[in-house]
1. Consider residue 172 against the criteria (1) at pLDDT 90 or above; (2) within 20 Å of the chain's Cα centre (by Cα); (3) not in a loop (DSSP other than H, G, I, E, B): it satisfies all of them except one. Which criterion is unmet?
2. Restricting attention to region 197-222, and to residues there that are of a type in the set (A, V, I, L, M) and under 21 Å from the mean Cα position of the chain (by Cα), which single residue is modelled with the lowest pLDDT?
3. If you go through region 114-161 one residue at a time, how many are of a type outside the set (A, V, I, L, M) and closer than 23 Å to residue 85 by Cα?
4. Here are the criteria: (1) touching a helix residue (DSSP H, G or I) at 6+ places or on another chain (Cβ under 7 Å); (2) under 23 Å from residue 1 (Cα atoms). Tell me which single one residue 188 does not satisfy.
5. Name the residue, out of 137, 112, that is loosely packed, with under 14 Cβ neighbours inside 10 Å and at negative phi.
6. Kindly check whether there is at least one residue in region 187-200 that is in contact (Cβ under 8 Å) with a residue 60 or more places away in the chain, under 28 Å from residue 14 (Cα atoms) and part of a helix (DSSP H, G or I).
7. Mind listing just one residue for me: the one in region 1-40 that is in a helix (DSSP H, G or I) and among the basic types (Lys, Arg) and, of those, nearest to residue 64 (Cα to Cα)?
Amino acid sequence: MIDADPDANISDLINKQTNFRDTIAGVITELGRKLERKEIPPYLSEKSLVEEEVFRHIITFNNFDLIIQGRSEGEGCYCSINNILKHLIKILAENYKITIIDSPAGLEFFARKTSIDVDDLILVTDPSKMSFHTLQRILEVKDEVSLDFKNIWVLGNRFNGKNKNLFIESFEKNLGNHMKLLGFLSYDGEIQKFNLSGKSLLELPSNNVVYQQANKIFSQIV
């Protein structure tokens, strides 16, 4: 699992305490300081150093590993960190059967072409007009920067019966020829309680409604 959002929050969802040093951004910052202090032999390439340090900071769990992009310190954009992640994704993916990337909820991730060779793009949307327009804009950006995905899926989150039917009708009319509807996850108070109380979603009971919905939905892909 790659948390590619500067505002990283996957660790919050699974109740794992992380800090700046655990992120790609933190690794790059510390490497820069070591280079300034001449603590790194000059014959070692920067590329090899970055790869080695990032791999050392992989956070391991029982069933998956986690890498966090993080954000740069102080002023400046995140372009350099994004470029490093772009290079690392291909290397990381070769070592895992499945690689999942959690990207920022915006268009920049696509415009920067952070990840290519993606099999399944999953766009998570809530029941709002704004989210629907975002789906349309993503299609536009995808074509503008020549990104190709084997499948583009749309996953509805926090839906109820009434807004689900409205969304399906509009989706089939406007987007059905370009995307596939993966399914819907209901709003669930138990998940909210887990989140606010700091409990890991990995501990969510198997009889939870959304857990069961997710299992059924993602079995279409994995």
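The values are calculated or read from the model by the stated rules, or taken from the named source; none is laboratory data. Keep in mind it's a predicted model, so treat the numbers as computed, not measured. We place every Cβ from the backbone using ideal geometry, glycine too, and count neighbours over all the protein chains shown.
1. (2)
2. The first filter runs over region 197-222 and keeps only residues of a type in the set (A, V, I, L, M), leaving 201-202, 204, 209-210, 214, 217, 221-222.
Among the residues that remain, those that are also under 21 Å from the mean Cα position of the chain (by Cα) are: 201-202, 204, 210, 214, 217, 221-222.
Numbers: 201: 93, 202: 92, 204: 93, 210: 94, 214: 94, 217: 94, 221: 87, 222: 81.
Ranking the candidates gives 222 first.
3. Step one: list which residues in region 114-161 are of a type outside the set (A, V, I, L, M), which gives 114-115, 117, 119-120, 125-129, 131-134, 136-137, 140, 142-144, 146, 148-151, 153, 156-161.
Cutting the leftovers down to closer than 23 Å to residue 85 by Cα gives us 114-115, 117, 119-120, 142-144, 146, 148-151.
Result for region 114-161: 13.
4. Just one mismatch for residue 188, condition (2).
5. 137
6. For region 187-200, residues in contact (Cβ under 8 Å) with a residue 60 or more places away in the chain, under 28 Å from residue 14 (Cα atoms) and part of a helix (DSSP H, G or I): present.
7. 21
Residues checked against (1) of a type outside the set (Gly, Ala, Ser); (2) assigned to a loop (DSSP other than H, G, I, E, B); (3) within 20 Å of residue 100 (Cα to Cα); (4) in contact with a strand residue (DSSP E or B) (Cβ under 6 Å, 6 or more places away or on another chain):
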| position | (1), (2), (3), (4) |
| --- | --- |
| 121 | yes, no, yes, yes |
| 124 | yes, no, yes, yes |
| 127 | yes, yes, no, yes |
| 132 | yes, no, no, no |
| 137 | yes, no, no, no |
| 141 | yes, no, no, no |
| 147 | yes, yes, yes, no |
| 152 | yes, no, yes, yes |
| 157 | yes, no, yes, yes |
